[in-house]
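Report on the following structure.
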Ligand code: ZN
């Protein structure tokens, strides 16, 4: 098994050689979406980042159990302990059951992830499906003395914990600074200290989701679900925990604290965090009004967009940056990504009909090692892509008769493209879409012939019905002197 992989560990702030706890098995947990709205670029980035990790580890021969959760309860509006539950609020506003909201947006999330060719995780647990495990976890944190009850809610005693352990080791925050920064916040009377976080919240009368517990009718704190589900499916200590950098604090910091509090050790060996997507240098988010959903990218229906962008363009755009760098969105950058990706797929087409020579005028052997080195260097997809572009250039030169490659070398390049473009980067050719277009052309031709027949038979009702039904799916029929034309509105 190839074992040159180096992973940047947020915990140690260095690249470390990847040595799984129990090879060839690898346990990986990634924080999934809170399902109360449509997925946007900010959802696509962690999903694609850890899809690459998942794909590459499997390519290296590891048996990966990849757990990505769905947060369907407990995530409050300000990501801390204030405000309303995000899903319950949406349910209240729309007069729906919270689980209707969860089902609707989980389905839409899955559809978007399939469009982006993100592989399904091995297990996709939900917070609401693991209330018992979360209550058990709270009980054991209580037993160890790091939790306290207040007005029916349970909080994690950060001050007490930080006497025994290092609260802030992941995010680099110091408890003294937290004390300074949060002391002034009002409305936190239930807590001993403002930076204590909720393990269990007593139900507010307007909260729609609640379960019985030893402390009150209520619901678990947001940080708890990942500790409970990570341990349940991957064990008390597992290899990789991933998520966006915005989850580093307080979410992941609190996961480490919860694990130490009840088990006396850290839960995870390698912490990985993808950086954020910015729009004109600002973090993308609903609050900043620069929020573009994936469906809007795919349809082009958004005023900030010049045109529609295919799912693979979005995927390629994200992979052109290293996952620890920010990605700044712009139409220009997306157009460039689209062009770049097309170049790779054109090369694959050229490779299919390239003529072999007796000898090779150029040595392509070092490329294989370079491509693996790039991926082994903390999943450096932009460098990987740049080597594929170099290979692309060579293939075009061979095609133009400026260089030569013998049969074995052409086969070697084909294999590299198949492995790196399709298997590891997870790109799929969108040429299939063109064949779908052809099919639509043929189908429309048939429909228009049937309509023409109806008109000749003076069956105006059928002719009109065909026009109206097509109109409902935005296909416009225009009668001409030779027959009819159609267009998509
Ligand atoms: Zn999480």
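Taken together, the values in this text are just the output of simple stated rules run on the coordinates, not laboratory data. Here the structure is a predicted model, which is why all the values come from computation and not from measurement. All Cβ positions, even for glycine, are placed from backbone atoms using ideal geometry, and neighbour counts span all protein chains on display.
Measuring r between the beta carbons of residue 16 and residue 373 and using R0 = 22 Å, the FRET efficiency lands at 0.85. Take the Cα of residue 393, step 7 Å toward its Cβ, do the same at residue 406, and the gap between the two points is 2.6 nm. Within region 472-489, name every residue whose backbone N is under 16 Å away from a label modeled 7 Å from Cα of residue 441 along the Cβ vector. It comes to 485-488, nothing else.
Helical content of the chain, expressed as a calculated mean residue ellipticity at 222 nm, amounts to -14000 deg cm²/dmol (DSSP H runs of 4 or more residues, -39,500 (n - 2.57) each, divided by residue number, nearest 500). For the pair region 288-341 and region 363-418, the centres of their Cα atoms are 26 angstrom apart. For residue 265 and residue 330, the difference between the fully extended length at 0.36 nm per residue and the C-alpha to C-alpha distance is 19.0 nm. With the simple model of a label 7 Å out from the Cα in the direction of the Cβ, residue 488 to residue 140 spans 5.3 nm. The value of relative contact order for the chain, using C-alpha pairs under 8 Å at least six residues apart, is 15 percent. Here the spin labels are modelled as points 7 Å beyond Cα on the Cα-Cβ line, and at residue 301 and residue 6 they lie 4.7 nm apart.
Stokes-Einstein diffusion of the chain at 25 °C, 0.890 mPa s viscosity, Kirkwood radius from Cα pairs, rounded to a whole number: 96 µm²/s. Between residue 346 and residue 457, the contour length at 0.36 nm per residue exceeds the alpha carbon distance by 35.1 nm.
Each DSSP beta bridge with both residues in the chain is either parallel or antiparallel, and the antiparallel ones are about 50%. Based on Cα contacts under 8 Å between residues 6+ apart, region 435-488 shows a relative contact order of 22 percent.
Contact order for region 18-142, expressed relative to its length and based on alpha carbon pairs under 8 Å spaced 6+ residues apart, stands at 31 percent. On full extension, the segment bounded by residue 481 and residue 151 gains 110.9 nm, given 0.36 nm per residue less the C-alpha separation.
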